[in-house]
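A short write-up of the structure that comes next.
The values are calculated or read from the model by the stated rules, or taken from the named source; none is laboratory data. As the structure is a prediction and not an experimental result, all values here were calculated from the model. Cβ atoms come from the backbone with ideal geometry, glycine included; neighbour counts cover every protein chain shown.
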Amino acid sequence: MGVPFPPGLDKRTRLFLVVVLVAVVGRWGCTVHLSPSPRESSGGAEIPHFSYWKAKLQPRIHRVKDEESYWIEKVTFPSSMAPYWVTTYHYVQKARENPPTIIILPILAGNYFLSKNSARYLARRGFSCLRFERTVNPLDAKKGLGYTAMVLRHGIIDIRRAIDWLAEGNGGNSNRIGVLGISMGATVAALALEVEPRISSAAIVLGGGDIATILATSREDRVVRFREGVMRAKGMNLDQFRREATQRMAPVDPLTYASRASPKNILMVKGRFDRVIPTPSSEKLWKAMGRPTWISIPTGHYSSALFLWYIRHRVLTHFRQGLGMEG
């Protein structure tokens, strides 16, 4: 399979990274906890906070690339949060009929290398994928915590509207849908699983719950700037910021709805030394969701890229088992 390095690295740098990876694995290794609770999803009625007008989606579709076994089309549509537009890329299988569909959600900022790599990896193995790009920056200090919560709410609604479009027969299988998220995308993926009953499996990679704690303690530069900007604009100290964040984020926090998820359908991956998504936030979500399969890798947040080859293999296995896909 090989180790998927970001583009632009020379051979010597790649060799050095492989040596470091081997050393790290030899010293600490990965741990896997396979003890999900036997509980089933509590399911439940529609959550009013994420309800929406079910009008027919009329996206703009443009075929952008052909691969041997699938093609990629760019699919855009107006967001439920006007006046913004949602941009997705749909990986459509050429030969497989009604394959499972994986929704792939992006990191908070930066390029889309991890999302693209994941989509390509899964599509080459027979899955249909719908890869989302970012619509709106949720961390705007001038607009505050209420705006962050609003962006997250509309993000979930737009995922649901995209599933409506898939259900109309636009490639993939709307009865076998998984969701994969990385970092901030993983927190959104957990929420999407809880809110949308048509999503039956989730891979939550480097994410967590208790969004207020993430916003109050994360050392990620963008989060720090947002936190300090909000505190400065409102004359808050950190405790006051955390209290307001707890109140504002509760309606869009995956911890709030965790009982709606079945642990047997969830895979969680966590970096043991992650300071971007604090370990307590990940552990809270893990416990609230019924202790699903948990993989701990010996890295921080960004250095987890060294384990991409391992993570995506575990994600593939998880979705094959959870969505009834033959290997």
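Taking region 302-327 as the range and being surrounded by fewer than 21 Cβ atoms within 10 Å (Cβ to Cβ), of a type outside the set (A, V, I, L, M) and modelled with pLDDT under 85 as the test, the residues that pass are 302, 303, 324, 326, 327.
Before we move on, is residue 135 surrounded by fewer than 21 Cβ atoms within 10 Å (Cβ to Cβ), outside any helix (DSSP H, G or I) and among the β-branched types (Val, Ile, Thr)? So residue 135 passes the test.
Whether any residue in region 247-260 is among the small types (Gly, Ala, Ser) and buried (at least 24 other Cβ atoms within 10 Å of the Cβ) is what I want to check.
no
With respect to the stated conditions, residue 187 fails to be farther than 29 Å from residue 97 by Cβ, surrounded by fewer than 24 Cβ atoms within 10 Å (Cβ to Cβ) and either modelled with pLDDT under 95 or among the β-branched types (Val, Ile, Thr) (or both).
Of all residues in region 56-80, those that are among the small types (Gly, Ala, Ser) have Cβ atoms under 7 Å from Cβ atoms of residues that are assigned to a strand (DSSP E or B), 6 or more apart or on another chain, in 69/93; 79/85; 79/86. If I filter region 278-298 down to residues being on the phi < 0 side of the Ramachandran plot and assigned to a loop (DSSP other than H, G, I, E, B), which single residue comes out as surrounded by the most Cβ atoms within 10 Å (Cβ to Cβ)? Step by step, filter region 278-298, then rank; the result is 289. None of 204, 199 is farther than 21 Å from residue 248 by Cβ and out of contact with any Ser or Thr (no Cβ under 9 Å at 6 or more places or on another chain) except 199. Here residue 151 meets the list (1) touching a Pro at 6+ places or on another chain (Cβ under 7 Å); (2) over 20 Å from residue 195 (Cβ atoms); (3) buried (at least 19 other Cβ atoms within 10 Å of the Cβ) almost entirely, failing just condition (2). Screening the candidates 230, 223 for the property of being buried (at least 17 other Cβ atoms within 10 Å of the Cβ), closer than 25 Å to residue 151 by Cβ and over 20 Å from the mean Cα position of the chain (by Cα) yields one hit, 230.
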